[in-house]
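In what follows, a structure is listed as structure tokens, so that the remarks can point back to it.
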Amino acid sequence: MGKQIFPEMQHRETQKKGQEMYPKMIAETKMYPEFNTIFISLHGFAELQETIAEVDKFEASMPSLPLKEMSLIIDCHDMSPFKPDILPVLERCYVMYNEFKHTVLVNPKKVVAKSQLQRVAPNANFKGHFVDTVEEAWAIIKA
């Protein structure tokens, strides 16, 4: 079983985007030491300032981790589409993710969010994988 290594963002308010209501982002982070893997689940809608703050925290923790020996799985299945101002932050994330031995992102079920994630990846020379299920992500890590 994984253990949490970063504080959770437990915001349950909603953000209106167009005519739909999206819950604010919840990020749950667990460490699976038996696989040397960080597993992050993202749910909901990302706010710019909150996202920048969380990315800053994650980036600050990176020097203390043996990244070239570690894997990262990010489950984006329940993530909502981004506002355009988040996309440069996402590009910054992809650059950071390239430091890991393996990085696997589970595609969002929302088509717009999926296309946003995949469209930004080439701009950052992202070397990771996009898959459709958590099981596929673990198969890559364990291979």
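Distance between the 7 Å Cα→Cβ label points at Val134 and Glu34: 1.5 nm. Is the shape of region 81-125 best called rounded, prolate or oblate, per the rule: a/c under 1.5 gives rounded, else a/b larger than b/c gives prolate, else oblate, with a ≥ b ≥ c the square roots of the Cα gyration tensor eigenvalues? Oblate is the answer for region 81-125, as a/c is 1.5 or above yet b/c matches or exceeds a/b. Estimate the FRET efficiency between Val55 and Ser115 by the formula 1/(1 + (r/R0)^6), using the beta-carbon distance for r and 30 Å for R0, to the nearest 0.05. In this case the efficiency is close to 0.90.
Annotation: peptides 58-67, 85-94, 35-44, 122-131, ranked by per-residue average of other Cβ atoms within 10 Å with the highest first, follow the order 35-44, 85-94, 122-131, 58-67.
Where the alpha-carbon atoms of region 50-143 are placed on the principal axes, they occupy 33, 29, 22 Å, in descending order.
Laboratory data are not the source of any read-out in this text; all were calculated from the coordinates shown. Here the structure is a predicted model, which is why all the values come from computation and not from measurement. When we count neighbours, we look across all protein chains shown, and the Cβ atoms used for this are built from the backbone with ideal geometry, even at glycine.
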